[in-house]
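See structure below.
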Amino acid sequence: MGYFGRYLTLWVALCIIAGVALGQLAPGVPETLAQWEYASVSIPVAILVWAMIFPMMVQIDFTAIVGVRKQPKGLVITTTVNWLIKPFSMFVIAWFFLLVLFSPWIPEELGREYLAGAILLGAAPCTAMVFVWSYLTRGDAAYTLVQVAVNDLIMLFAFAPIVMLLLGLSSIVVPWETVALSVLLYIVIPFVAGYVTRVTLIRRKGIDWFDNVFLKRLGPVTPTGLLITLILLFAFQGETILANPFHIALIAVPLIVQTVLVFAIAYYWAQRWRVSHAVAAPGAMIGASNFFELAVAAAIAMFGLHSGAALATVVGVLVEVPLMLALVRYANRTRHRFPITESGGSNHG
């Protein structure tokens, strides 16, 4: 992980270039992989994300989940930021940039479509990749699992009303199958697999072998999966990037501002509340990143595949991974500002 972290910017840049080049030079590869999709969830990407999540899930001491109730501050912060701040800050920031500041370059009608896509991103906190960000910041695996599960539960009830309110729509098509499949793929399956693997290996080999041999061998899986995922995402969207470079750059600006702002609110709130870094960093990452599968699916269902709203959600995908990796690096560099100990949870990654 040290080598990966030291040259993080270089790896990300190379993967972006490789992904776009793959989409242009060998279009059959992403086209074939893109066919493996169900409920707007790419199965190849889902497998890679699952591989990234598994190393964290297998580290969870499942008895530690019970201890989360003794540490309510982290859950208070993440739920407040994700549902009372994030959707509305996204609306205000995207409206200002896309309909006011960038109005000379973006027609108003198209700007409103871009705004709709941004709203869909803002109303859906991250479900899958946050486990990767938590792993890379040595987050408390058990606490992260609970944070994500609580947000997913709230999302089932709050996503549609918030989007209806901000879009001013009388009806909204919520792709529930996308939500259900993502929860199954990114929480239930890796959770069960991690539990079975952990219990079986510790029973057969002992906790010492598990911690010092198995987990070290598993270490390269997450960064490798992350880089391959990055290549695939940019291969899928390479044509879009090259066809709309200027508008993509304009759309990216409010999304970047929103991501950094939401992360900062949650992260520094946790710091002021003396929440441990192992809880604070993943909590801030949940709000900063988005459930882009849901956002993209909702945009296509509501506005169409080639709409401005769909393009804006795709830009969210393109912006998220490199930006979140930068926030991971920042979180790791500022770890010393947080309390060292964490009661009732696992603090290794």
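The values are calculated or read from the model by the stated rules, or taken from the named source; none is laboratory data. These numbers come from a predicted model, not from an experiment. We place every Cβ from the backbone using ideal geometry, glycine too, and count neighbours over all the protein chains shown.
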Considering segment 28-37, residues that are in contact (Cβ under 8 Å) with a residue 24 or more places away in the chain and over 21 Å from A299 (Cα atoms), and then whichever is surrounded by the most Cβ atoms within 10 Å (Cβ to Cβ), we arrive at P30
Of those in segment 261-273 that are of a type in the set (A, V, I, L, M, F, W, C) and within 20 Å of R69 (Cα to Cα), the residue surrounded by the most Cβ atoms within 10 Å (Cβ to Cβ) is A266
Wholly inside segment 38-99, helices (runs of 4 or more DSSP H) that include 3 or more residues that are under 24 Å from R272 (Cα atoms), in contact (Cβ under 8 Å) with a residue 40 or more places away in the chain and of a type in the set (D, E, K, R) are none
Of those in segment 229-254 that are surrounded by fewer than 22 Cβ atoms within 10 Å (Cβ to Cβ) and not hydrophobic (A, V, I, L, M, F, W, C), the residue nearest to the chain's Cα centre (by Cα) is Q237
The condition of being free of Cβ contacts under 8 Å to residues at least 40 places away in the same chain and out of contact with any Pro (no Cβ under 9 Å at 6 or more places or on another chain) holds, among P107, P125, only for P107
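Out of curiosity, is T79 surrounded by fewer than 20 Cβ atoms within 10 Å (Cβ to Cβ), hydroxyl-bearing (S, T, Y), over 30 Å from T200 (Cβ atoms) and under 17 Å from the mean Cα position of the chain (by Cα)?
Spelling it out, T79 is indeed surrounded by fewer than 20 Cβ atoms within 10 Å (Cβ to Cβ), hydroxyl-bearing (S, T, Y), over 30 Å from T200 (Cβ atoms) and under 17 Å from the mean Cα position of the chain (by Cα).
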So, first residue in contact (Cβ under 8 Å) with a residue 24 or more places away in the chain and surrounded by fewer than 21 Cβ atoms within 10 Å (Cβ to Cβ) in segment 315-327, second residue hydroxyl-bearing (S, T, Y) and part of a helix (DSSP H, G or I), Cβ within less than 7 Å, six or more apart or across chains; the pairs are L323/T259
Return a yes/no flag: does segment 167-174 have any residue that is part of a helix (DSSP H, G or I), among the aliphatic types (A, V, I, L, M) and under 30 Å from G117 (Cβ atoms).
-> yes
Per the filter on segment 300-341, residues among the polar types (S, T, N, Q) and at pLDDT below 85 are S307, T341
- request: Looking only at segment 130-149, decide whether some residue is crowded, with 24+ Cβ neighbours inside 10 Å and over 23 Å from V66 (Cα atoms).
  value: yes
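A quick yes/no check of all residues on (1) in contact (Cβ under 8 Å) with a residue 60 or more places away in the chain; (2) farther than 29 Å from A26 by Cβ; (3) of a type outside the set (K, R):
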| residue | (1), (2), (3) |
| --- | --- |
| L242 | yes, no, yes |
| F246 | yes, no, yes |
| I256 | yes, yes, yes |
| V260 | yes, yes, yes |
| I265 | yes, yes, yes |
| R274 | yes, yes, no |
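One line per residue, one yes/no per condition, for (1) at pLDDT below 85; (2) of a type in the set (S, T, Y); (3) touching a helix residue (DSSP H, G or I) at 6+ places or on another chain (Cβ under 9 Å):
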{"position": "L169", "(1), (2), (3)": "yes, no, yes"}
{"position": "E177", "(1), (2), (3)": "yes, no, yes"}
{"position": "T200", "(1), (2), (3)": "no, yes, no"}
{"position": "W209", "(1), (2), (3)": "no, no, yes"}
{"position": "V213", "(1), (2), (3)": "no, no, yes"}
Checked S307, S276 against criteria (surrounded by 20 or more Cβ atoms within 10 Å (Cβ to Cβ) and hydroxyl-bearing (S, T, Y)); the one match is S276
(1) surrounded by fewer than 24 Cβ atoms within 10 Å (Cβ to Cβ); (2) modelled with pLDDT of 85 or more; (3) of a type in the set (S, T, Y) all hold for S289 apart from (1)
Out of (1) in a helix (DSSP H, G or I); (2) within 16 Å of the chain's Cα centre (by Cα); (3) within 13 Å of N290 (Cβ to Cβ), the one G117 does not meet is (2)
Note: among I228, I189, I154, just one is in contact (Cβ under 8 Å) with a residue 60 or more places away in the chain, closer than 20 Å to G74 by Cα and assigned to a helix (DSSP H, G or I), namely I154
